[in-house]
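Just so you know, all these numbers are worked out from the coordinates, no wet-lab data involved. These figures come from a predicted structure and were not determined experimentally. Backbone-built Cβ (ideal geometry, glycine too); neighbour counts: all protein chains shown.
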Amino acid sequence: MKSVDLVIRGGSVVAPDRIVQASVAIADERIVAVGHDDVMPPAQREMRADGLFLLPGAIDSHVHFRDPGYPHKETWQTGSAAAACGGVTTVFDMPNTHPPTGTREALALKLKAAERSFCDYGIHALLGDDTVGHLEDLLDGGATSFKAFVGNTFGNLPAPTDGALLEGFEKLAPLGIRTVVHAENSSIMARRQKVMQDAGRHDAQAHLDARPAVAEIEAIGRVVTLAEWAGARLHIAHHSAADSLFLLRAAKARGVDLTVETCPQYLLLNTDDILRLGGILRVNPPVREPRHNQPLWDALMDGTIDMIATDHAPHTPEEKTRESIWACDCGFPGVETQMPLMLTQVNLQRATLMDYVKWSAVAPAKAWGLYGTKGVIAPGAHADIAFVDMNKTGTLSQGRLQTISKISPWHGRAVQGYPVHTLLRGRFVMQHGRLVEDAITHGRSVKGVQAMPAARPRNQEHYSSAIVTPPAGVRPNAWPEGMLR
Ligand code: DOR
Ligand code: ZN
């Protein structure tokens with residue numbers, strides 16, 4: 001029998017529907033066998049994983065690695081090191097870098113920065129009024145997907161007009177490309193923020209008051225309407241409010257190809273933490289009242305929310321702790337702490353390890369066209385594996401994080417359950433909790449393995465109702481014949 005590179009023996013392989021004691025054989029970056037110890041091929045290297053769980057490496061659909069543009073906040077190198085140490089083997093990076101990822105040149109700069117990466121990556125390019133004319137060009141240049149900042153946030157990119165957003169969806173639908181939307185209504189928030197500021201409010205709670213749940217409800221309703229009309233794939237970023245879940249449920253019931261992420265901060269933190277943390281917890285969308293936490297868990301459990309992402313948004317301690325809440329930059333690092341935080345919840349029996357694998361790996365792999373190659377421990381897949389010790393306890397410490405942003409709302413939090421080794425396509429990028437420094441160029445783009453078949457045409461019946469009846473002879477989900485000629 002031909003010898004393979006590595007055989008891992010004695011671990012428990014976690015799939016979304018079962019956990020099995022099995023050995024795993026790896027050759028040429030891929031898993032070649034999963035099964036009984038006795039049937040493993042001879043290997044160059046053997047390793048024991050007794051007592052450990054083998055999870056598909058986590059796929060984080062939402063990180064801001066700030067490169068190019070803000071190297072004092074994060075670089076690709078430090079961000080991807082944080083991913084590797086957090087059991088995350090693939091990230092999708094956001095376009096609010098400087099320059100924003102909306103031109104071929106800016107995209108090339110980002111891909112250059114990502115050449116030194118400890119994890120694999122996809123690139124969400126910018127969908128906005130200035131980019132909607134050249135989306136295919138950005139895809140040709142290496143973008144895997146798009147992001148629309150419908151709600152304003154760090155980088156102050158203008159929200160796309162509804163016209164540009166619809167046009168983008170119409171162009172991307174036949175290509176099957178999914179668009180991430182930051183779904184908050186910018187106009188509502190700008191107005192309310194001004195009212196707060198005029199009233200002299202500078203306290204941390206004012207940030208939440210300026211961004212009420214209705215901003216999320218309205219924006220989700222609008223973007224779902226546009227994506228559904230166009231038959232486009234849609235992904236809602238960092239879902240934060242209980243009040244907008246009904247829209248997701250209804251859209252999914254109608255067959256809209258919608259995926260949704262939430263983040264540990266919306267599941268585990270709330271306004272009770274604002275007093276303690278102030279600007280450190282300032283994030284968009286805001287962390288809300290305690291009544292939102294449990295419904296978000298329920299939505300994960302019933303599949304309304306598909307996955308966990310982190311919105312890893314590093315800023316420096318100085319930028320996070322300014323006097324006025326309005327001067328504190330929004331967001332905080334998360335890619336490295338997600339797994340221990342969520343595994344702790346598994347230990348508390350809030351979910352199973354199988355649920356966690358669904359949310360952290362299977363669902364994102366499916367959403368971005370990677371499933372089978374990533375998101376699963378099975379023959380043929382990339383050997384992306386997080387080795388997890390469910391008994392290991394510790395306290396999260398911002399000073400020990402790989403990110404440049406050594407300030408975290410999770411600082412001091414007790415956790416049980418850690419990734420202890422991370423394997424990326426058969427090579428260790430983290431071992432015994434330590435970064436493997438010389439793996440720095442191992443990460444690569446997932447563009448080459450991404451498969452996004454054309455989206456299903458939109459639900460015609462839904463729009464043949466009295467609400468929207470297109471004029472006779474006009475195909476409702478396309479440009480009217482001749483209009484562009
Ligand atoms: O708080 C946030 N910060 N939310 C976002 O959506 C973006 C992020 C950032 O880039 O800093
Ligand atoms: Zn973000």
Report summary line: One finds, for Asp140 and Asp28 with R0 = 35 angstrom and r their Cβ-Cβ distance, a FRET efficiency to the nearest 0.05 of 0.80
Query raised in the report: Where the centre of each part is set by its Cα atoms, how far does segment 102-153 sit from segment 1-61, in angstrom?
Result: 34
Query raised in the report: Between His98 and Asn156, 0.36 nm times their residue separation minus their Cα-Cα distance comes to what?
Result: 19.8 nm
Report summary line: Checked against the positive end of the charge dipole of the chain (+1 on Cβ of Lys and Arg, -1 on Cβ of Asp and Glu, about the Cα centre), the farthest of Phe387, Thr153, Gln265 is Phe387
Report summary line: Spelling it out for Ala33: with amide H atoms placed in the peptide plane at 1.01 Å from N, the residues 5 or more places away or on another chain with amide H under 5 Å from its amide H are Ala25
Report task. Please give the helix 338-347 orientation as an angle from the longest Cα principal axis of the chain, in degrees from 0 to 90, rounded to the nearest 10. Result -> 70
**Report entry** Radius of gyration, Dmax [the chain; alpha carbons; angstrom]
**Finding:** 22.1, 76
Query raised in the report: Taking Cα centroids, how far is segment 295-317 from segment 246-263 in Å?
Result: 14
Query raised in the report: Using θ = phi - 60° and the Karplus form 6.51 cos²θ - 1.76 cosθ + 1.60, what ³J(HN,Hα) does each residue of segment 9-21 get, whole Hz, x for Gly and Pro?
Result: 10, x, x, 10, 7, 9, 10, x, 10, 6, 10, 10, 6
Query - segment 283-410: C-alpha gyration tensor shape, a/c 1.5 cut-off, then a/b vs b/c - result: prolate
Query raised in the report: Roughly how many nanometres apart are two label points built 7 Å out from the Cα toward the Cβ at Leu175 and Asp272?
Result: 4.6
Query raised in the report: Could you work out the helix-only [θ] at 222 nm for the chain, with each DSSP H run of four or more residues adding -39,500 (n - 2.57) and the total divided by the number of residues, to the nearest 500 deg cm²/dmol?
Result: -7500 deg cm²/dmol
Requested in this report: Grab the Cα-Cα distance for Phe246 and Arg192, subtract it from 0.36 nm times how many residues apart they are, and report the gain in nm with one decimal.
Outcome: 17.0 nm
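With an 8 Å Cα cut-off and a minimum separation of 6 or more residues, compute the relative contact order for segment 153-266 in percent.
Contact order relative to length: 31 percent.
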Query raised in the report: Taking only C-alpha pairs under 8 Å that are 6+ residues apart, what is the relative contact order of segment 294-358 in percent?
Result: 26
Query raised in the report: Local charge sum around Leu172 (other residues, Cβ-Cβ under 10 Å, Lys/Arg +1, Asp/Glu -1)?
Result: 0
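According to the square roots a ≥ b ≥ c of the eigenvalues of the Cα gyration tensor, what is the shape class of segment 66-203, taking rounded for a/c under 1.5, prolate for a/b larger than b/c otherwise, and oblate for the remainder?
Judged from the Cα gyration tensor, segment 66-203 comes out oblate (a/c at least 1.5, b/c at or above a/b).
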Query raised in the report: Between the helical axis of 186-198 and the dominant principal axis of the chain, each derived from Cα atoms, what acute angle in degrees is found, rounded to the nearest 10?
Result: 80
Report summary line: To the nearest 20 debye, the chain has a Cα-centred charge dipole, built from +1 on Lys and Arg Cβ and -1 on Asp and Glu Cβ, of 240
